[in-house]
């Protein structure tokens, strides 16, 4: 089978990245190892000589009138369900394009059942929807690391406002006098790092206890292994790489998004309203993670990129049929 796959979302600096870049990187790798002939496409390319065209970041890559059967992956519908994080133009364009490609695609792939259900409520979709969870990289696992110089809470991802780093920071400020922990924000140069630093610097109680830095991709597993609690207040995810990768390291996770609840099941802790977060942080630190560390590790090992690619290949075959 010959597949045209849009790969322009891949990072160009040698990193795997996160989000769509990570999805495309491992989908490409695993499909090629399965013997699938992959034609790498740039945004808007419209080949005629492939069996299937796959847009892994619907609705932003495929042409409006694809010449070959189209499979589209829609990771989330947050412009519909979380409008405060998006401008009016982006929301309108997203809505129009999703509806358009829901009519032009043979099949739609989503990362979770909750996203499939949400998609059905916001778009009248008449094509099959395949729920295919994403995977966990092998580097996210328990490793021997020295104990941190001070216990810390960990928030990974500060590049977009929907990741809600300020929610974590304000919740930590509310409980800072009750815990000995620091708060570590991990993210690259793009995003809200300076805003977080400025806020912490303006609060004497936070000034020396809030750290914002980027350890490189290779440094993140060590942090998951050291953290007392990984806080993930993003209100909606398609899958949630951060929480699943954290429990793959045995970490204690407190998350908000329904799709993360679906992915972690009884192996995570959860909250709904950001006003609950300070209290839930204290409860999680006092009670510890649910179940055993081995339970969390066993659960996380269910999510593999090979299984993701095999299921995606079945979607391609069904689209051709």
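Just one of the numbered conditions (1) in a loop (DSSP other than H, G, I, E, B); (2) surrounded by 20 or more Cβ atoms within 10 Å (Cβ to Cβ); (3) in contact with a helix residue (DSSP H, G or I) (Cβ under 7 Å, 6 or more places away or on another chain) is not true of residue 30; which one? The single condition residue 30 does not satisfy is (1). Is there a residue in the range 271-288 that is surrounded by 19 or more Cβ atoms within 10 Å (Cβ to Cβ) and under 18 Å from the mean Cα position of the chain (by Cα)? Taking every residue of the range 271-288 in turn, at least one turns out to be surrounded by 19 or more Cβ atoms within 10 Å (Cβ to Cβ) and under 18 Å from the mean Cα position of the chain (by Cα).
Inside the range 124-138, can you point out the residues that are touching a residue at least 60 places away in the same chain (Cβ under 8 Å) and either in contact with a strand residue (DSSP E or B) (Cβ under 9 Å, 6 or more places away or on another chain) or surrounded by fewer than 15 Cβ atoms within 10 Å (Cβ to Cβ) (or both)? Result: 128, 130, 132. Counting only helices (runs of 4 or more DSSP H) that sit completely within the range 229-321, those holding 2 or more residues that are over 25 Å from residue 144 (Cβ atoms) and in contact with a strand residue (DSSP E or B) (Cβ under 6 Å, 6 or more places away or on another chain) correspond to 305-320. Considering every residue within the range 64-71, establish whether at least one is out of contact with any strand residue (DSSP E or B) (no Cβ under 9 Å at 6 or more places or on another chain), farther than 30 Å from residue 216 by Cα and free of Cβ contacts under 8 Å to residues at least 12 places away in the same chain. Scanning the range 64-71, I find no residue that is out of contact with any strand residue (DSSP E or B) (no Cβ under 9 Å at 6 or more places or on another chain), farther than 30 Å from residue 216 by Cα and free of Cβ contacts under 8 Å to residues at least 12 places away in the same chain, so the answer is no.
When residue 56 is tested against (1) in contact (Cβ under 8 Å) with a residue 40 or more places away in the chain; (2) surrounded by fewer than 19 Cβ atoms within 10 Å (Cβ to Cβ); (3) in contact with a helix residue (DSSP H, G or I) (Cβ under 8 Å, 6 or more places away or on another chain), exactly one condition is not met: (2). The residue of the range 1-16 that is surrounded by the fewest Cβ atoms within 10 Å (Cβ to Cβ), among those that are free of Cβ contacts under 8 Å to residues at least 60 places away in the same chain and more than 24 Å from residue 66 (Cβ to Cβ), is 13.
Just so you know, all these numbers are worked out from the coordinates, no wet-lab data involved. Note that the coordinates shown come from a computational prediction; the quantities given were computed from them, not determined experimentally. Glycine gets a Cβ as well: all are built from the backbone with ideal geometry, and neighbour counts include every protein chain shown.
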